[in-house]
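Down below is the structure, laid out as structure tokens.
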Amino acid sequence: MGNQVELLVNLQVVDQQLRERTEAIDALRRGLADTESELAAQRQLLDTVRAERADLEAKRRELQGALDDEEAKMKDRRMRLNRIRNEKEASAVRREIEVGKEGNQKIEEDLMVVYEGLDGITTREADVQKDFDALDARRAEQQAKVDAEVVTLSNGLDEARRHRDELANNIEPDLRRRYETIFTKRRGLAVVEVRGGTCQGCHMRVAPQLFNEIQRNQRVIVCPNCHRILYARSETSVSA
Ligand SMILES: [Zn+2]
């Protein structure tokens, strides 16, 4: 049994290296995904601002059109006024001109508001666009970095996994499964040394009679506190 636990210790070294690398790859990809969702949110914001600007542009065209119409009508009224000799008709046209002026003034005021809105939204669009471009550049840079690092981290990973399987094949299936369960549950630390009478996984003291049993290596013993597999190092024992 002692030999089996020694094999587990060696297997754990390889498993920890594999775990470290796959976690590093995952972390890189998560970082990239975060930037990508930030970029998507910024794109949405940009679309919203653009739509707002398009609405204001349409409003501006509409008001400008109304103003042009109104001015054409005004010109026509003034020409009519010049030709009219009848005072009653003339005062009716003058009245029309007054009403028209008021209407024009209202349109001009509305146009002013729209122009102010357009100024604001154009500045805002430029700012949002700038942030978007910066974020997009950051994403591209991060993507290139992640791609390169993933290649480095993945390099030899298949071979390391084959080596891992070779080691694992020498361990009794039940024990191996037990070890793998603990390894996953205990985040990469399933087999721990008892040193100075203490479990190096949870730092709880191990009862002396249990420690003696661990040293005898006749059965697999787990820590009563953290349930990790325990081993004791001796001169002829584990070389990790
Ligand atoms: Zn423990």
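The values are calculated or read from the model by the stated rules, or taken from the named source; none is laboratory data. What you see is a predicted model, and the numbers here were worked out from it, not measured in a lab. With ideal geometry, Cβ positions are generated from the backbone for all residues, glycine too; neighbour counts draw on all protein chains shown. All accessible areas refer to the heavy atoms of the entire protein, side chains included, with ligands and DNA or RNA removed. Shrake-Rupley method; radii C 1.70, N 1.55, O 1.52, S 1.80 Å.
Note the direction-averaged projected area, equal to a quarter of the hull surface, for the Cα convex hull of segment 125-204, in nm².
Working: hull surface 40.4 nm².
Over every viewing direction, the Cα hull of segment 125-204 projects on average to 10.1 nm².
How much space per residue, in cubic angstrom, does the convex hull of the C-alpha atoms of segment 70-187 take up?
So the per-residue Cα hull volume is 220 Å³.
Mind telling me which of Gly31, Gly197, Gly100 comes out most flexible in a GNM of the chain, alpha-carbon contacts under 10 Å?
Greatest mean-square fluctuation among the candidates belongs to Gly100.
Rounded to the nearest percent, how much of the accessible area of the chain (1.4 Å probe, protein heavy atoms only) is carbon and sulfur?
Values: 7480 of 15510 Å².
That share works out to 48 percent.
Scaled to the compact-protein estimate 2.2 N^0.38 Å, what is the alpha-carbon radius of gyration of the chain, rounded to two decimal places? Walk me through the numbers before you get to the answer.
Working: Rg = 40.1 Å, N = 240, 2.2 N^0.38 = 17.7 Å.
It is 2.27.
Using helices alone, I'd like the mean residue ellipticity at 222 nm for the chain: each DSSP H run of four-plus residues gives -39500 (n - 2.57), total over residue count, nearest 500. Can you show the working numbers first?
Working: 5 runs with 185 residues, N = 240.
Calculated at 222 nm, the ellipticity per residue is -28500 deg cm²/dmol.
How big is the C-alpha Rg of segment 109-149 next to the rule-of-thumb value 2.2 N^0.38 Å, as a ratio?
Working: Rg = 17.7 Å, N = 41, 2.2 N^0.38 = 9.0 Å.
Here the Cα radius of gyration is 1.96 times the empirical estimate.
Probe radius 1.4 Å, ligands and nucleic acids left out: which of Asp131, Asp136 has the largest accessible area, and how do the rest follow? Walk me through the numbers before you get to the answer.
Working: Asp131 90, Asp136 55 Å².
In descending accessible area the options line up as Asp131, Asp136.
Please compute the Kirkwood hydrodynamic radius of segment 1-75 from all pairs of different C-alpha atoms, in Å with one decimal. Could you put the intermediate results ahead of the total?
On the way: mean 1/r = 0.0540 Å⁻¹.
Result for segment 1-75, one decimal place: 18.5 Å.
What list of ³J(HN,Hα) couplings, whole Hz, do you get for segment 20-28 from phi and the Karplus terms 6.51, -1.76, 1.60, once you set θ to phi - 60° and write x for glycine and proline?
Karplus-based 3J(HN,Hα) across segment 20-28 equals 4, 5, 5, 5, 5, 4, 4, 5, 4 Hz.
Please work out the Cα center distance from segment 110-132 to segment 20-47, rounded to the nearest Å.
What the calculation gives is 29 Å, centre to centre.
Give me the lysines in straight-line cross-link reach of Lys59: C-alpha distance below 19 Å, same-chain residues under 8 apart excluded.
Lys106
Given points 7 Å out from each Cα along the Cα-Cβ axis, report the Glu36 to Arg80 separation in nanometres with one decimal.
Each label point is offset 7 Å from its Cα along the Cβ direction, giving 6.7 nm.
Using a Förster radius of 51 Å, what is the FRET efficiency between Thr22 and Glu125 based on their Cβ-Cβ separation? Nearest 0.05, please.
On the way: r = 43 Å, r/R0 = 0.84.
Efficiency, rounded to the nearest 0.05: 0.75.
Roughly how many Å² of Phe211 are accessible to a 1.4 Å probe, to the nearest 10?
Probe radius 1.4 Å; accessible area of Phe211 about 50 Å².
Roughly what would the spin-label model give for Thr184 and Glu141, points 7 Å off Cα along C-beta, in nm?
3.9
Heavy-atom accessible area per residue, segment 31-136, 1.4 Å probe: how many Å²? All intermediate terms of the calculation are to be shown ahead of the outcome.
On the way: 7220 Å² over 106 residues.
That works out to 68 Å² per residue.
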